[in-house]
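Colleague: I'd like to ask you about the structure that follows.
The values are calculated or read from the model by the stated rules, or taken from the named source; none is laboratory data. Keep in mind that this is a model prediction, so the values were computed, not measured. In this analysis, Cβ positions are derived from the backbone assuming ideal geometry, glycine residues included, and neighbour counts consider all displayed protein chains.
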Amino acid sequence: MKILFIDTVHPLLKQELEKENHICDSAYNKSKTEIQQIISNYQGIIIRSRFKIDKQFIDCGSNLKFIARAGSGLENIDVEYAENKNIHCYNAAEGNRQAVAEHALGMLLSLFNNLNNADQEVREGKWERERNRGIELAGKTVGIIGYGNNGSAFAEVLKGFNVKILAYDKYLTNYPQESSMENINKEADIISLHVPLTDETTYLVDDNFINKFAKNFYLINTARGKCLNTKNLVKALENNKIKGACLDVLEYEKTSFENLSKDGLTSDMQYLMNAQNTILSPHVAGWTVESNVKIAEVLLNKFTSDFPQ
């Protein structure tokens, strides 16, 4: 096959595909319009999130047999339309599940122990012990929303912390720590989102979602920025309904996830940046040295399975 790499991935993937005599070209610097003009020459695409693979783009790819995304979600691909044209679509959520889980845990521990604040203060010559007294994760109830690759991996890394885990996934049955949302609303001290971005999950966390919880709680989002209504989050932080937030993803990210959009520095975003009870990172939960390799391996294995030699 002729395969076009639209985004960079670990070189292992290209090397292994070329060993199997596939022709691999790259278009890292070409625009979407430029790629549309040549995509009919290719049978496969490797992409992360640079732009949306929509109906118009798919129609231009008259010879496409597969679209592979080097990451977890597929929301930037019109999967239904592609599959109706017999184009295989797959992602590599298995490749970065451990990275996401460890990052979520790291953010939570940093928030609970005031590590960001304490580190900055010591660097400034301040020695504030009482103000930086932490709280323990042990004994807390963690509600995990979405129990796929990332949600189940997060549950796994929480083992040993003496927490109670309640997991809810609308599309699964008979999974560990299975719970109803009603029970999570009643008991949870911490909520962690691990859902894909769909019409159903866009602004999943809003005033209505937040106010159903019996306790004031902490929130972790390593899923997608638009699963969370930022304005409603800020309101909940201000009134302490949400006691703190760990956000690796933000509503104001560009489609490519490479930066914030030009209108991203809203007053709500400024609040999150200045708050002492928020931990922010630039959509890197799934980006580790190891996951970079594993994502390439997962895509290679799926490709080999779908298109055996």
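Colleague: In the set THR255, THR304, THR266, THR230, which member is modelled with pLDDT of 95 or more and hydroxyl-bearing (Ser, Thr, Tyr)?
Modeller: So the residue among THR255, THR304, THR266, THR230 that is modelled with pLDDT of 95 or more and hydroxyl-bearing (Ser, Thr, Tyr) is THR230.
Colleague: Say whether the condition of being out of contact with any helix residue (DSSP H, G or I) (no Cβ under 6 Å at 6 or more places or on another chain) and either farther than 23 Å from GLY139 by Cα or not assigned by TED's automatic domain parsing to the domain that holds ASN114 (or both) is met by at least one residue in the range 173-184.
Modeller: Among the residues of the range 173-184, at least one is out of contact with any helix residue (DSSP H, G or I) (no Cβ under 6 Å at 6 or more places or on another chain) and either farther than 23 Å from GLY139 by Cα or not assigned by TED's automatic domain parsing to the domain that holds ASN114 (or both), which makes the answer yes.
Colleague: Under 8 Å between Cβ atoms, which residue pairs at least 6 apart in sequence (or on different chains) link something in the range 95-110 that is under 9 Å from ALA285 (Cα atoms) with a partner that is of a type in the set (Lys, Arg)?
Modeller: Between residues of the range 95-110 that are under 9 Å from ALA285 (Cα atoms) and residues that are of a type in the set (Lys, Arg), the close pairs are ASN96/LYS294.
Colleague: Another one. When residues of the range 164-213 are filtered for being in a strand (DSSP E or B) and under 23 Å from the mean Cα position of the chain (by Cα), how many remain?
Modeller: 10
Colleague: Oh, and also: Could we say that GLU258 is within 20 Å of the chain's Cα centre (by Cα), over 28 Å from ALA188 (Cβ atoms) and not assigned by TED's automatic domain parsing to the domain that holds ALA101 here?
Modeller: No; evaluated as a whole, the condition is false for this residue.
Colleague: For the range 14-34, which positions are buried (at least 16 other Cβ atoms within 10 Å of the Cβ), out of contact with any strand residue (DSSP E or B) (no Cβ under 7 Å at 6 or more places or on another chain) and under 24 Å from GLU83 (Cα atoms)?
Modeller: LYS32
Colleague: Taking the range 20-58, which residues are of a type in the set (D, E, K, R) and over 23 Å from ASN91 (Cβ atoms)?
Modeller: The one that is of a type in the set (D, E, K, R) and over 23 Å from ASN91 (Cβ atoms): GLU34.
Colleague: Out of (1) of a type outside the set (Val, Ile, Thr); (2) farther than 20 Å from ASN150 by Cα; (3) not assigned by TED's automatic domain parsing to the domain that holds LEU108, the odd one out for GLU297 is which?
Modeller: Failed condition: (2).
Colleague: Also: Within the range 177-199, how many residues are modelled with pLDDT under 95 and among the charged types (D, E, K, R)?
Modeller: Of the residues in the range 177-199, 1 are modelled with pLDDT under 95 and among the charged types (D, E, K, R).
Colleague: Looking at (1) assigned to a helix (DSSP H, G or I); (2) surrounded by 14 or more Cβ atoms within 10 Å (Cβ to Cβ), can you tell me which one PHE161 breaks?
Modeller: (1)
Colleague: Tell me, yes or no, whether the range 283-305 has at least one residue that is touching a strand residue (DSSP E or B) at 6+ places or on another chain (Cβ under 9 Å), of a type outside the set (Val, Ile, Thr), assigned to a loop (DSSP other than H, G, I, E, B) and closer than 30 Å to ARG69 by Cα.
Modeller: yes
Colleague: May I pose another question? Which residue pairs have Cβ atoms closer than 9 Å, lie 6 or more positions apart in sequence or on different chains, and pair a first residue in the range 285-309 that is under 19 Å from LEU4 (Cβ atoms) with a second residue that is surrounded by fewer than 16 Cβ atoms within 10 Å (Cβ to Cβ) and at pLDDT below 95?
Modeller: That search, which allows pairs on different chains as well, returns THR304/GLU20.
Colleague: Same structure, new question: Does ILE87 satisfy the condition of being within 22 Å of GLU290 (Cα to Cα), touching a strand residue (DSSP E or B) at 6+ places or on another chain (Cβ under 9 Å) and among the β-branched types (Val, Ile, Thr)?
Modeller: So ILE87 does not fit the description; no.
Colleague: Within the set of pairs 6 or more residues apart or between chains, which connect a residue that is within 18 Å of SER152 (Cα to Cα) inside the range 188-210 to a residue that is at pLDDT 95 or above and of a type in the set (Asp, Glu) with Cβ atoms less than 9 Å apart?
Modeller: Filtered contacts from the range 188-210: HIS194/ASP169; VAL195/ASP169.
Colleague: A further question follows. Of ALA214, ALA236, ALA275, which residue is crowded, with 22+ Cβ neighbours inside 10 Å, among the hydrophobic types (A, V, I, L, M, F, W, C) and free of Cβ contacts under 8 Å to residues at least 60 places away in the same chain?
Modeller: Result of the check over ALA214, ALA236, ALA275: ALA236.
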